[in-house]
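Data first, discussion second: the structure below is written as structure tokens.
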Amino acid sequence: MRKQVHRWFSPHLGKEMPIAVYGHYGKPLLMFPTAAADFEEYERFLVIDVLRPYLDAGIVKIYSINSINRESWMNENLYPAQRAARQMAYSNYISHEVCPFIRSDCGGSPIKIAATGASFGAYHAANSVFRNPGSFDTLIAMSGSYDIRPWCDGFHNDDVYFNNPIEYLQHLNDDYFLPLLRHHTDIHIISGQGAYEAPERSRDLSRVLYSRGIPHSLDLWGYDVNHDWPWWRRMLDLYVPRLFHAYGPK
């Protein structure tokens, strides 16, 4: 299995950002790390090892990036407006830097990208897909929370609103985003119901999607399924071949 690490100075974030690329070809899958973790977290926690058969078979090609949560929502030394502004910069980095890089790395084709993440990474994956349905067509969101207002200390502005899926999806009513999400996006919201999981947050997102007529699956695993890597490995081992089988050998 091939691994490459690319780096560039991000004009949106004002810092160098790395991205790890695993595999040669297949459906591009962008992975967002948990909490304050880095771009090699999925490798350290053996997710890449579990998905190696699909990487080797050309079913999926994985791109894994850094978070900046320590500079935004998890930084209590910043005012909420600063946290939200940093999140907006990160969203622009995804849209205007990461997505074009992935398309270029896939040969310049207009291929759509899938996104996944666990815990805080699920929020970033969902926010990226819902904000950019022209670039993304698949979401695998695991054990996430999709309302960032608890990190805002009561503050609210456009940077909060437009990075808060629970909020902006409720009011989505246009001729571009809504048809793409309704007809061209494969959305899967997954959560356990055991220790440290919060399945009600996945249910909340499901209710909002349902209210806008956006098809999706809500997959709640058992009460023994806790908020931890062994279960996230199992989830991806189930969903990656199921969703991306068409990209394997012909």
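The table that follows gives values for the structure above.
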quantity: Residue among TYR63, TYR42 that alone is among the hydroxyl-bearing types (Ser, Thr, Tyr), without any contact (Cβ under 8 Å) to a residue 24 or more places away in the chain and closer than 29 Å to ASN226 by Cα; calculated: TYR42
quantity: Only listed residue being at pLDDT 95 or above and under 14 Å from the mean Cα position of the chain (by Cα), chosen from ILE68, ILE48, ILE62, ILE102; calculated: ILE62
quantity: Segments classed as helices (runs of 4 or more DSSP H), wholly inside region 141-250, with at least 1 members that are open to solvent by 40 Å² or more (accessible area, probe 1.4 Å) and closer than 28 Å to ARG52 by Cα; calculated: 229-244
quantity: Hits in region 135-150 (condition: under 15 Å from LEU29 (Cα atoms) and not hydrophobic (A, V, I, L, M, F, W, C)); calculated: SER135, ASP137, THR138
quantity: Residues within region 67-88 that are open to solvent by 30 Å² or more (accessible area, probe 1.4 Å), touching a residue at least 24 places away in the same chain (Cβ under 8 Å) and not in a helix (DSSP H, G or I), tallied; calculated: 2
quantity: Positions within region 202-238 being out of contact with any Asp or Glu (no Cβ under 9 Å at 6 or more places or on another chain) and among the charged types (D, E, K, R), in sequence order; calculated: ARG203, ARG207, ARG212, ASP219, ASP224, ASP228, ARG234, ASP237
quantity: All positions within region 14-48 that are part of a loop (DSSP other than H, G, I, E, B), open to solvent by 10 Å² or more (accessible area, probe 1.4 Å) and not aromatic (Phe, Trp, Tyr); calculated: GLY14, HIS24, GLY26, THR34, ALA35, ALA36, ALA37, ASP38, GLU40, LEU46
quantity: Residue within region 104-117 that is open to solvent by less than 10 Å² (accessible area, probe 1.4 Å) and in a helix (DSSP H, G or I) present; calculated: no
quantity: Residue check, ILE62 of a type outside the set (Asp, Glu) and not in a strand (DSSP E or B); calculated: no
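For every residue, the table says whether it meets (1) under 16 Å from the mean Cα position of the chain (by Cα); (2) closer than 17 Å to PRO215 by Cα; (3) without any contact (Cβ under 8 Å) to a residue 24 or more places away in the chain.
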{"residue": "ASP137", "(1), (2), (3)": "yes, yes, no"}
{"residue": "SER143", "(1), (2), (3)": "yes, no, no"}
{"residue": "ASP147", "(1), (2), (3)": "yes, no, no"}
{"residue": "ASN157", "(1), (2), (3)": "no, no, no"}
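The values are calculated or read from the model by the stated rules, or taken from the named source; none is laboratory data. The model shown is predicted, which means the values in this text are computed figures rather than measured ones. For neighbour counting, all protein chains shown are included, and Cβ atoms are generated from backbone atoms with ideal geometry for every residue, glycine included. The accessibility values were calculated without ligands, DNA or RNA, using every heavy atom of the protein model including side chains. Shrake-Rupley method; radii C 1.70, N 1.55, O 1.52, S 1.80 Å.
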